[in-house]
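These notes concern the structure reproduced below.
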Amino acid sequence: MTFTLLSLNSFVQTDAPVEMADILRQDGKIYAVVLGLLVILTGLIFFILHVERKLTKLENENKINADSRV
Amino acid sequence: MPGNRIRLKWWKIITIVLLYYTVIGGFLLPVPRIPILNESIRLFYFHFPMWIGMTLLFTLSIISSIKYLRSQNIKDDDLASESAKVGFVFGILGLLTGMLWARSTWGAFWTSDTKLNNTAIALLLYAAYFVLRGSLQDEIQKARLSAVYNTFAFLALIPLVFILPRMNDSLHPGNGNNPTFRLFDTSHSMKLVIYTAILAFCGVGMWLRDILIRIKTLRRLDDETN
């Protein structure tokens with residue numbers, strides 16, 4: 001157990017530079033990825049709100065919920 | 001309710017805000033530089049909350065099942081079945097994200113890791129819950145049998161996913177002789193995003209559960225009037 005931890009520790013502290021998406025960030029292209037995800041997230045949220053609206057309408061027709069918050 | 005406008009419940013609004021924070025912070029905030037993991041460490045923000053979400057929903061499901069056995073109120077059975085459905089989806093998503101992560105760090109989509117196999121077994125147990133429900137016609141019989149089965153499935157899930165992998169050798173953090181994800185705690189921004197992501201995805205799960213339950217309630221009403 002101790003050996004595993006020690007070896008892992010030395011592994012983490014190795015001098016070789018760890019590859020990260022630095023170039024992606026330098027080019028600023030990561031923002032395109034985040035923007036794309038934000039578009040998808042916004043689309044999904046609009047869709048779920050659309051479903052909420054439909055459901056609330058049905059519930060009102062059937063007089064299920066006295067509370068107007070959904 | 002007037003017009004087509006809807007007023008969202010407070011926790012749904014918070015869920016939306018937290019989701020945006022997760023997506024932006026999860027990709028742009030700094031993460032520790034760890035060999036082999038590299039940028040894939042960011043999958044932690046999306047893989048781990050799936051399991052927390054699954055556990056939350058399966059827990060709500062078994063609570064409703066036990067409630068049903070005491071109350072015989074069909075509404076409790078609806079709560080149990082719809083919670084389990086969303087929990088199952090989260091479990092599948094957790095497995096899929098885990099497989100992608102495993103491919104890029106451990107070298108294979110599926111390893112003989114105890115946690116992977118046990119989780120697959122646990123999800124199959126829940127799949128059997130839906131098969132059981134689908135195979136029974138009588139509502140009361142379906143509710144009672146599946147409530148009892150759900151208790152069994154949950155009691156199997158806990159040791160399979162949370163206890164046994166910790167006693168065996170496993171590639172997962174905190175299992176076998178591995179350090180936990182406390183390794184990541186050196187990074188403050190990681191802590192911020194992971195807690196936000198957990199809350200956000202639990203919110204998503206609760207939201208989906210809420211929608212499924214309301215559909216079920218409407219359907220029951222429809223069955224009664226016809």
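Miscellaneous remarks
- One residue from B:99, B:54 being in contact with a Phe, Trp or Tyr (Cβ under 6 Å, 6 or more places away or on another chain) and either at the interface with chain A (Cβ under 9 Å from one of its Cβ atoms) or modelled with pLDDT of 95 or more (or both): B:54
- Entry remark, segment B:40-88: residues being surrounded by fewer than 19 Cβ atoms within 10 Å (Cβ to Cβ), in contact with an Asp or Glu (Cβ under 8 Å, 6 or more places away or on another chain) and not aliphatic (A, V, I, L, M) number 1 in total.
- Those residues of segment B:1-35 which are aliphatic (A, V, I, L, M), at the interface with chain A (Cβ under 9 Å from one of its Cβ atoms) and farther than 30 Å from residue A:59 by Cα, in sequence order: B:23, B:24, B:28, B:31, B:34
- For the condition buried (at least 17 other Cβ atoms within 10 Å of the Cβ) and touching a His at 6+ places or on another chain (Cβ under 9 Å), residue B:94 qualifies.
The values are calculated or read from the model by the stated rules, or taken from the named source; none is laboratory data. Because the structure is predicted, anything quoted here is derived from the model rather than measured. So basically every Cβ, Gly included, is an ideal-geometry build from the backbone, and we count neighbours across all protein chains shown.
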